[in-house]
Structures are given as structure tokens and as C-alpha cells.
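Everything on this sheet refers to the single structure shown next.
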Amino acid sequence: MISYLKGAIVGVDKSNSNRVILTLDVNQVGYDLQIPARFVEELPAIGETVQVFTHLQMREEQPLLYGFGSAAQRDLFRQLISVSGIGAQLAIALLDTLDLPDLVQAIVSGNTQLLIQAPGVGGRTAERISLELKKKLADWRTTAGVVAMTSGGPPPAIFEDVQMTLLALGYSASEVSQAITAVSDSAILQQNANAEEWIRQAIAHLSG
């Protein structure tokens, strides 16, 4: 098993199939790894050295390497593809759509409205992911140091209402998460504010 690769970036190719391939030179051997699109933003310039955590998938045609920016992302990818009917592409789509803590929180809490934001993930698939991984990820995120955004956020009773409303208004899952985090840190909004006030403040932040 290849745990990680450390080498110089040769190039990043975005193919027609929306798959992002990172080519890495490790001791004069070139490795092609499929990576989440959002990982590209974290990469240094071509020629610079980077450490990429990897998952090797053996297939009859050829082995495939997947690369991630952290061991936690790689491990969550492995958890996702262990679910019946979830392949590597759906797992990467989920990692691309939601930040790691938000994705884990959505699975643990059964928030399918967030999970279906990922391309190719329908309601039944989201329910299956939550059902099969809820207990595993609740335990795993503690040992992996993955912290969900809860402190200072809206009370659990209205948290999902705020998320669903903002998603319905057309904001992306990432935008919703960032807005709620920003509003949570604001002294303007009181902890006992209702869902409408959280939504109003979040929209104001997103429109700013």
C-alpha cells in the first residue's frame, strides 16, 4: 500500500470527464493521481515539492491512484467507497462539494439536503451513506481531529432550517457553510435569534 507520495509537481490536467489529474515526479518516476478539484487550490507552483496522501485502487485494466491533501481526507474517501454503490467518483464529488468537517457532520446528522448537493448523489444514496457511516464517522472524527462547526452556531433545532433555506435560494453548500460560520462569529446576532434572523444575516453576508 502506498500511504503517500512526496515529489515535484509536473502538471495538473483537467480532462473532459471533469477528472483532475496531478502528475508527480518522485525520484524520476512520474505518477498520475486523480485528485479532488478543490485540492488544486492548495497546490504549490509547478516544480515545487508537495506531499500527497494516496489511495491505490486495483482494477483489472490498470491500478488507479487517488491523491488528497491530508490523511483525514484520504481516510474519509476510503470510508465513503466502502458504502454499497458508492464509487470513487461519487466519493470525490462529495469531497469537492463540502468541506471535510461539514461533510462528516452532514453524514453523522443525516442531513441529506447537504449531501445531495454533490453531483450524482440522489436522496436514496445520501440516506444510504448516512445510514452506513453515521456511527463510524461519529467515532472517527474524534480520533482524526475533525471538528464540526457547532460552537457559536445556530441551535440544532433551527440549524437545518437555515441550511435548507439558503440552499433553496441557490447558494452552494460551501457558501452556506462559510456564511453560517461568519455570522456565528458576529456579535450582532444573539444566540437566541430565530431561524429567520439567522437567514437574514447570512444572506446579508453573502450579498456583501
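Taking K and R as +1 and D and E as -1, what net charge do the other residues with C-beta under 13 Å from the C-beta of Ser174 add up to?
Neighbour charge sum, excluding Ser174 itself: -4.
In segment 73-97, whose amide N lies under 14 Å from the spot 7 Å out along Cα-to-Cβ of Ser172? List them in ranges.
Under cut-off, by backbone N: 93-97.
So for the chain, what are the equivalent ellipsoid semi-axes in whole Å, largest first, each being the square root of 5 times an eigenvalue of the Cα gyration tensor?
Semi-axes from the Cα gyration tensor: 33, 19, 15 Å.
Provide the per-residue ³J(HN,Hα) series for segment 35-42, in order, calculated from phi with Karplus coefficients 6.51, -1.76, 1.60 and θ = phi - 60°, each as a whole number of Hz, with x at glycine and proline positions.
10, x, 4, 5, 5, 4, 5, 8
Only Cα pairs within less than 10 Å get springs; with that Gaussian network setup on the chain, which residue of Leu115, Leu167, Leu103 has the largest fluctuation?
Highest fluctuation of the listed residues: Leu167.
Specify the angular offset, from 0 to 90 degrees and rounded to the nearest 10, of the alpha carbon long axis of helix 156-168 from the longest principal axis of the alpha carbons in the chain.
Taking Cα atoms only, the helix is inclined about 70 degrees.
With angles folded into 0 to 90 degrees, how steeply does helix 100-109 sit against the dominant principal axis of the chain? Use alpha carbons for both and round to 10.
Roughly 60 degrees, rounded to the nearest 10.
Carbon-plus-sulfur fraction of the accessible area of the chain, 1.4 Å probe, in percent?
Of the solvent-accessible surface of the chain, carbon and sulfur hold 49 percent.
Among 73-80, 24-31, how do they line up from the highest to the lowest mean number of other beta-carbon atoms within 10 Å?
Averaged packing, sorted descending, gives the order 73-80, 24-31.
Taking the Cα centre of segment 1-56 as origin, sum charge times position over the Cβ atoms of Lys and Arg (+1) and Asp and Glu (-1), and report the length of that vector in debye to the nearest 20.
Result for segment 1-56 is approximately 140 debye, rounded to the nearest 20.
Can you tell me the dipole magnitude for segment 32-100 around its Cα centre, using point charges on the Cβ only (Lys, Arg +1; Asp, Glu -1), in Debye to the nearest 20?
In total the dipole reaches around 200 debye.
For n ≥ 4 DSSP H runs only, could you compute -39500 (n - 2.57) per run for the chain, divide by its residues and tell me the 222 nm figure to the nearest 500?
Calculated at 222 nm, the ellipticity per residue is -14000 deg cm²/dmol.
Under the classification rounded if a/c is under 1.5, otherwise prolate if a/b is larger than b/c and oblate if not, where does segment 36-79 fall, given a ≥ b ≥ c as square roots of the Cα gyration tensor eigenvalues?
Because a/c hits 1.5 or more and a/b fails to exceed b/c, segment 36-79 counts as oblate.
Rank by packing, highest mean first: peptides 52-62, 120-130, with packing defined as the count of other Cβ atoms within 10 Å averaged across residues.
In descending order of packing, they fall as 120-130, 52-62.
Note the angle between two axes, namely the Cα long axis of helix 195-207 and the longest principal axis of the Cα atoms of the chain, as a number of degrees from 0 to 90, rounded to the nearest 10.
50
With charges only on Cβ, +1 for K and R and -1 for D and E, what is the dipole size of the chain about its Cα centre, in debye, rounded to 20?
Using only the charged Cβ atoms, the result is roughly 460 debye.
Once the principal axes of the Cα atoms of segment 34-124 are found, what is the range along each, listed largest first in whole angstroms?
Reported extents, whole Å, longest axis first: 42, 32, 20.
The values are calculated or read from the model by the stated rules, or taken from the named source; none is laboratory data. This one's a predicted model, so the numbers in the text were calculated from it and none came from an experiment. Neighbour counts run over all protein chains shown; Cβ positions are idealised from the backbone, glycine included. SASA here: full protein model, heavy atoms, side chains in, ligands and nucleic acids out. Shrake-Rupley method; radii C 1.70, N 1.55, O 1.52, S 1.80 Å.
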